[in-house]
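Chemist: Right, I'll just put the structure down here and ask away after.
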Amino acid sequence: MPGPVFLRGETVELHTVETADLGYLQRLVNDPWVRETLGSVLPYTEPGQREWYDSLGRGDLPFLVCIEDEPVGYVELGVASRAGTAGVPRGGSTPRARLRRG
């Protein structure tokens, strides 16, 4: 079961990533379509997923994308500046979107 809800939208919720989610994330990144999108050629192992999780720092914002508490994907948000700019990494690129403060 994913961690607590961090953000809630009309259709999806972003839940914190917990150690219990590592198996789901390993299956996700090893899926051929996802792996090709990421540009990865090597498999992700259970120890490798754990190493990734343990390396997360305070500035890392990984989330499970969920519908009705069921994971359907993964996203990382990265705060690029205090001016309200955030990036959503996709396949090696980091597009940035301006956030409205409000």
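The numbers here are math on the coordinates, done by the rules we state, and not lab data. Predicted model only: the values in this text are computed from it and were never measured. We place every Cβ from the backbone using ideal geometry, glycine too, and count neighbours over all the protein chains shown.
Chemist: Using the 10 angstrom Cβ neighbour count as an exposure proxy, how do SER55, SER40 rank, fewest first?
Modeler: If I rank by nearby Cβ atoms, fewest first, I get SER55, SER40.
Chemist: Give the average over all directions of the projected area of the C-alpha convex hull of the range 14-80, one decimal, in nm².
Modeler: Over all viewing directions, the range 14-80 projects a mean Cα-hull area of 4.9 nm².
Chemist: Measuring from label point to label point, each 7 Å out along Cα→Cβ, what is the LEU61 to ASP31 span in nm?
Modeler: Rounded to a tenth, the inter-label distance reads 2.4 nm.
Chemist: Between THR11 and ASP54, what's the calculated FRET efficiency when r is the beta-carbon distance and R0 is 25 Å? Round to 0.05.
Modeler: Computed FRET efficiency for THR11 and ASP54: 0.20.
Chemist: Give me the net charge for the shell around GLU46: Cβ to Cβ below 15 angstrom, other residues only, Lys and Arg +1, Asp and Glu -1.
Modeler: Summing Lys/Arg as +1 and Asp/Glu as -1 gives -1.
Chemist: How would you order 25-35, 61-71 from highest to lowest mean count of nearby Cβ atoms within 10 Å?
Modeler: Taking the mean over residues of other Cβ atoms within 10 Å, the ranking is 61-71, 25-35.
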